[in-house]
Amino acid sequence: MAKIDAFFKLMNEQGASDLHLVAGQAPVLRIRGEMERIKYKVLENDELKTMLYEIAPEHKVKEFEETGDIDFGYDILGIARYRSNFFMQKNGVAAVFRQIPEQIMTAEQLGLPAVLSKLASLPRGLVLVTGPTGSGKSTTLASILDVANRTRKDHIITIEDPVEFVHQSKSCIVNHREVGLHTKSFSAALRGALREDPDIILVGEMRDLETISLAIEAASTGHLVFSTLHTSSAAKTVDRIIEVFPADQQNQIRSTLSDGLRAIIAQVLFKRVDKKGRSPALEILIATPAVRNLVREGKTHQIASMIQTGRKYGMLLLDDAIMEMLNKGWISADEAYAKSNDKGKFRPFLKTPPTDFTEA
């Protein structure tokens, strides 16, 4: 057993989502969104480096020595899988580990709307799950992909950096590909995937123009593509995709995206105040013909009003989802205000409304 495994067992016992190990500091766990120090000695650089190198693949250690940054997956059988990141900082080495549960939770267990599970049955198109880092995008995607794995008879390819949730082949064949280990890049893997008879492709993150372009192309040529972006709303997601392309290509991309887009889910995690744990608030955009027309014509500013009138399709504005959770007593007014898009809606719930410089 590796020495560091004791910290992972503690993570599991405490219900922590992340472990931070930093040279010159004591270890820290993130529990229900908040950082809590472990009662342990300050980690010396050489000691921590030895501990980290014990679990890193040899080629990753070499890459880390050359670049100062690496990502990889680490498994402890019977406990969990960990998304691992090593980086250099002022006092030496540091690492952050995100726990990826072995058991993939269902949409019902995660408290997600039923419409998300229906996305697994789409024959083709692009489905995006967006939100800030640590908002549960990978967990949401894993639950949707698990539905497809159990109910379809297809070929699923995942392209990730690193591989996070591991799906055992059920009714589908599932192939996991890790960037840097099984393929050179997201774009190289996507180009290859189009020749590998896939029905469903999961792209861990649409990071650059080439990857975004290939993902849209795959969605437009008969594949169901799932991916993520770090955007805070459905409208901003569409704008972000279009703005990545040169100005002379943007009209063509609007047209291609409007044809391929099927849904955008923007989510934020909230700490529960009524019980232990966290719950997501979701903005859900379903790409109806009217929504696709707005994307094609560049009228993304009208998407919010389209979501408001699309409840029968399962659409929901993020602020409305936050308000529902606040009215149920699940979350605090302060956090609702902090994470909402239209803060004016939530000011009346605050005991002492702040003077927010962003509203000046």
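Looking at region 304-332, which of the residues that are outside any helix (DSSP H, G or I) and touching a strand residue (DSSP E or B) at 6+ places or on another chain (Cβ under 8 Å) is nearest to Leu269 (Cα to Cα)? Break it down into steps so the answer makes sense when it comes.
Pass one, region 304-332, residues outside any helix (DSSP H, G or I): 309-310, 314-317, 328-332.
After this cut, where a residue has to be touching a strand residue (DSSP E or B) at 6+ places or on another chain (Cβ under 8 Å) as well, the list is 310, 314-317, 330-332.
Numbers: Gly310: 23, Gly314: 20, Met315: 18, Leu316: 16, Leu317: 15, Trp330: 12, Ile331: 10, Ser332: 12 Å.
Here the residue is Ile331.
For the structure I just gave you, tell me whether Arg177 is within 30 Å of Lys62 (Cα to Cα) and either free of Cβ contacts under 8 Å to residues at least 60 places away in the same chain or in a strand (DSSP E or B) (or both). Full working, then the answer.
Numbers: within 30 Å of Lys62 (Cα to Cα): yes; either free of Cβ contacts under 8 Å to residues at least 60 places away in the same chain or in a strand (DSSP E or B) (or both): yes.
Taking the combined requirement at face value, the residue satisfies it.
Does Ala56 satisfy being in a loop (DSSP other than H, G, I, E, B), surrounded by 16 or more Cβ atoms within 10 Å (Cβ to Cβ) and not aromatic (Phe, Trp, Tyr)? Break it down into steps so the answer makes sense when it comes.
Details: in a loop (DSSP other than H, G, I, E, B): yes; surrounded by 16 or more Cβ atoms within 10 Å (Cβ to Cβ): yes; not aromatic (Phe, Trp, Tyr): yes.
So Ala56 passes the test.
Quick grid of which residues meet (1) assigned to a helix (DSSP H, G or I); (2) surrounded by fewer than 21 Cβ atoms within 10 Å (Cβ to Cβ); (3) touching a Cys at 6+ places or on another chain (Cβ under 7 Å):
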{"residue": "Ala142", "(1), (2), (3)": "yes, no, no"}
{"residue": "Leu145", "(1), (2), (3)": "yes, no, no"}
{"residue": "Ala148", "(1), (2), (3)": "yes, no, yes"}
{"residue": "Ile156", "(1), (2), (3)": "no, no, yes"}
{"residue": "Gln168", "(1), (2), (3)": "no, yes, no"}
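State the number of residues belonging to region 81-97 that are at pLDDT below 95, within 18 Å of Glu178 (Cα to Cα) and surrounded by fewer than 20 Cβ atoms within 10 Å (Cβ to Cβ).
Residues that pass the stated criteria total 0.
Quickly run through region 145-174 and pick out the residues that are in contact (Cβ under 8 Å) with a residue 24 or more places away in the chain and of a type in the set (D, E, K, R). Walk me through it before giving the result.
Filtering region 145-174 down to residues in contact (Cβ under 8 Å) with a residue 24 or more places away in the chain leaves 145-149, 151-152, 154-167, 172, 174.
Within region 145-174, Asp146, Arg152, Asp154, Glu160, Asp161, Glu164 meet the criteria.
What are the pairs, 6+ residues apart or on separate chains, where a residue within region 32-45 that is on the phi < 0 side of the Ramachandran plot has its Cβ under 6 Å from a residue that is of a type in the set (A, V, I, L, M, F, W, C) and in a loop (DSSP other than H, G, I, E, B)?
Taking only residues 6 or more apart or on different chains, the pairs are Arg37/Ala26; Tyr40/Ala26; Val42/Ala26; Leu43/Ala23; Asn45/Ala23.
Modelled with pLDDT of 95 or more and either in a strand (DSSP E or B) or buried (at least 20 other Cβ atoms within 10 Å of the Cβ) (or both), is that true of Ala290?
No: the conditions fail for Ala290.
Please determine, by comparing only the residues of region 107-129 that are at pLDDT below 95 and not in a helix (DSSP H, G or I), which one is nearest to Pro289 (Cα to Cα).
Ranking the qualifying residues of region 107-129, first place goes to Pro113.
Just for region 1-53: of the residues that are among the charged types (D, E, K, R) and crowded, with 17+ Cβ neighbours inside 10 Å, which one is nearest to Phe86 (Cα to Cα)? Working first, answer last.
At the first step, the residues of region 1-53 found to be among the charged types (D, E, K, R) are 3, 5, 9, 13, 18, 30, 32, 34, 36-37, 39, 41, 44, 46-47, 49.
Going one step further and asking which of them are crowded, with 17+ Cβ neighbours inside 10 Å, we end up with 18, 30, 49.
Values: Asp18: 13, Arg30: 17, Lys49: 10 Å.
That would be Lys49.
The values are calculated or read from the model by the stated rules, or taken from the named source; none is laboratory data. Keep in mind the model is a prediction, meaning the values are calculated, not measured. All Cβ positions, glycine included, derive from the backbone under ideal geometry; neighbour counts span all protein chains shown.
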